[in-house]
Amino acid sequence: MDWTLAIDRHRDSLLRMLALLLAVTGGSVMPRHQRTAAWRVLRPAEAALRRLVVVVKQVLGIEARVIAPRAAPVMAGGIPDGAGTGMPGFALFDTRKRFEPRRAARGQPRIRFFDEVQVFEPVTIASPDDMVSAERLNRRLLALQRALSDLPKQARRLARWELKRAAVRAETGKYIAPIRPGTPPGHRARGRHPVDFLLKDCHALALYAIHDPPCKT
């Protein structure tokens with residue numbers, strides 16, 4: 001398999017998905033239905049990129065090195081350089097699945113009296129056209145964009161995280177892999193959007209790279 005060609009093709013597809021999302025977002029607020037549609041594309045795109053990072057790590061044979069922590073740069077006046085920028089980092093690990101059933105909250109006894117005057121507050125029904133905040137969505141888009149701009153850097157990040165989690169596994173016996181077992185986040189069995197097929201391809205590619213590691217280049 002030409003791994004370089006496969007990585008480039010899937011990265012280009014993700015860049016097209018990102019351009020599509022950026023075309024419908026950008027402001028701090030947006031209609032609810034528009035934000036919901038953006039999330040339906042963003043979540044599978046993030047999962048596809050995680051798997052592509054795993055492929056890059058396997059193909060390049062990137063391994064973490066133990067590096068001494070660097071001191072944060074300080075500006076004049078003792079203020080850390082970059083403080084307050086809040087640049088988001090791309091999440092390299094899938095969210096874990098919940099297998100235990102959620103416990104329902106216990107209801108409290110409702111005591112009423114005949115002479116009690118009950119006042120019912122009007123129920124507000126959310127409208128698809130309501131303007132809602134898009135700050136969280138925009139931060140995730142920015143993280144996706146930054147990760148796509150330098151895949152080898154994300155692969156090195158992943159190698160460092162895996163090294164840390166291997167140390168935790170040696171102490172506690174617990175280990176969390178970057179790709180969770182089963183279906184990936186954002187998977188839709190009957191999905192017909194191009195991002196659904198992209199996620200399926202990247203997931204299969206990552207599993208193939210993990211179980212049949214390519215030669216280091």
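Some observations on this one:
- Qualifying residue in region 16-28 (condition: within 22 Å of A177 (Cα to Cα) and at pLDDT 95 or above): no
- Count of region 26-61 residues, restricted to those that are buried (at least 16 other Cβ atoms within 10 Å of the Cβ) and among the hydroxyl-bearing types (S, T, Y), is 0.
- When region 159-203 is filtered for residues that are aliphatic (A, V, I, L, M) and either touching a strand residue (DSSP E or B) at 6+ places or on another chain (Cβ under 7 Å) or modelled with pLDDT of 95 or more (or both), the ones remaining, listed by number, are V195, L198, L199.
- Looking at L198, L141, L158, just one residue is under 16 Å from L49 (Cα atoms) and touching a Ser or Thr at 6+ places or on another chain (Cβ under 6 Å), and that residue is L198.
- Count - residues of region 1-15 that are within 20 Å of the chain's Cα centre (by Cα) and surrounded by 12 or more Cβ atoms within 10 Å (Cβ to Cβ): 6
- The residue that is nearest to M131 (Cα to Cα), among those in region 8-53 that are among the polar types (S, T, N, Q) and outside any helix (DSSP H, G or I), is S28.
- From the options R169, R190, R146, residue that is surrounded by fewer than 17 Cβ atoms within 10 Å (Cβ to Cβ), farther than 29 Å from L21 by Cα and not aromatic (F, W, Y): R169
The values are calculated or read from the model by the stated rules, or taken from the named source; none is laboratory data. For clarity, every value in this text was computed on a predicted model and none was experimentally measured. We place every Cβ from the backbone using ideal geometry, glycine too, and count neighbours over all the protein chains shown.
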